Amino acid sequence: MPESAADMVRPQVALQVMTDLNRTETALLAELESLGRMVAAAKEEIAAMRVENVDATHLPAATDELDEVVRSTADAANEILDVCETLENLQPKLDSEAADTVATCVTRIYEACAFQDITGQRIGKVVNALKQIEQRVRETTGRYARSSALPARHAPARTEGERLANGPQPTAAASSQAEIDALLASFD
Amino acid sequence: MDKNTNVLIVDDYKTMLRIIRNLLKQLDFNNVEEATDGQEALSKLRAGNFGLVISDWNMEPMTGLDLLKEVRADARLKSIPFIMITAESKTENVVAARAAGVSNYIVKPFNAETLRDKIEKVMAHA
């Protein structure tokens, strides 16, 4: 039975498709090989990095320093509060006008001393960030330098209160008391 | 406003507890107890007889929001006025606190006038 024109063309098309595929595969393989070389080089570079000082000394020292800042400001704030309480105890011995002035001044000092809470929380956020970096550095260097299996990290389940506990916002992003009052009023 | 009411203040910063206690003293609230996290506060609330809670949000092991939820879920405690004093000023925080039943919300840093105003408001509705 004579072959149709279509039957004669089919093998040629198949050959062309195979040739095109081989070209694509060859290009892909070359890309993969190149990527593999880059990954191997990166691994060697990471393994050769001297990060021991970062995760063993620099980062812990930085967090210790920040903890010390929090302690020092707390001590200072408490010292100021001691003095305020002494002044308040003097009020009954003062005349009315002087007592009122002392009360007003002491109240302003109390309000100002709240800085220690805010700065403490901000510094706490920085300390947590440093600890995260320390952990990542340790994991990365451990993975490439010693090829030891790292334990999987399981984030503990968090409550809504914990998820939303982000500490003080940057001043530009923080809501004012007036904005919060307006938001609460909008629910009534 | 009953100045003899027992007030529980909750904050993990001792300095802040001291500041709030002193400001409350200026407002003639002298029956003030302290707790440094939500768990301790809940124990004190269940053991005592408090008429007002003033709590921070960001504490471990129990946050102020989780404390608020526990208080509102407790038949004996659920009607206690609860003021959140916190640096958490995002809208989502205020909305979550409102949904959990907060009586009022003060953002840190705050002044004595704001504290007095919010206490008067929540005690008027108590």
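Quick grid of which residues meet (1) modelled with pLDDT of 85 or more; (2) among the β-branched types (V, I, T); (3) over 27 Å from A:N128 (Cα atoms); (4) part of a loop (DSSP other than H, G, I, E, B):
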| position | (1), (2), (3), (4) |
| --- | --- |
| A:D7 | no, no, yes, no |
| A:R10 | no, no, yes, no |
| A:L15 | no, no, yes, no |
| A:M18 | no, no, yes, no |
| A:V39 | yes, yes, yes, no |
| A:A42 | no, no, yes, no |
| A:D55 | no, no, no, no |
| A:A77 | yes, no, no, no |
| A:V83 | yes, yes, yes, no |
- Message: Cβ contacts < 6 Å: first residue more than 7 Å from every other protein chain (Cβ to nearest Cβ), restricted to segment A:95-116; second residue acidic (D, E), any location; separation 6+ or different chain. Result?
- Response: A:V106/A:E88
- Out of the residues in segment B:97-111 that are small (G, A, S) and surrounded by fewer than 21 Cβ atoms within 10 Å (Cβ to Cβ), state the one that is farthest from B:L67 (Cα to Cα). B:A99
- Item | Which listed residue, of B:V53, B:V10, is in contact with a strand residue (DSSP E or B) (Cβ under 9 Å, 6 or more places away or on another chain), within 14 Å of chain A (Cβ to nearest Cβ) and either buried (at least 23 other Cβ atoms within 10 Å of the Cβ) or farther than 20 Å from B:I119 by Cβ (or both) | B:V10
- How many residues are part of a helix (DSSP H, G or I) and under 20 Å from B:N111 (Cβ atoms) when one looks only at segment A:92-114? 14
- Query: Within segment A:124-145, which residues are in contact (Cβ under 8 Å) with a residue 12 or more places away in the chain and more than 12 Å from every other protein chain (Cβ to nearest Cβ)?
  - Reply: A:V126, A:V127, A:L130, A:K131, A:I133, A:E134, A:V137, A:R138, A:T140, A:T141, A:Y144, A:A145
- Message: For segment B:87-115, give me the residue count where each residue is within 15 Å of B:I9 (Cα to Cα) and more than 9 Å from every other protein chain (Cβ to nearest Cβ).
- Response: 2
- Message: Restricting to segment B:78-126, name every residue that is in contact with a Lys or Arg (Cβ under 7 Å, 6 or more places away or on another chain) and hydrophobic (A, V, I, L, M, F, W, C).
- Response: B:I83, B:I85, B:A87, B:A100, B:I106
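The values are calculated or read from the model by the stated rules, or taken from the named source; none is laboratory data. Since the model is a prediction, treat every value here as computed from it, not as a measurement. With ideal geometry, Cβ positions are generated from the backbone for all residues, glycine too; neighbour counts draw on all protein chains shown.
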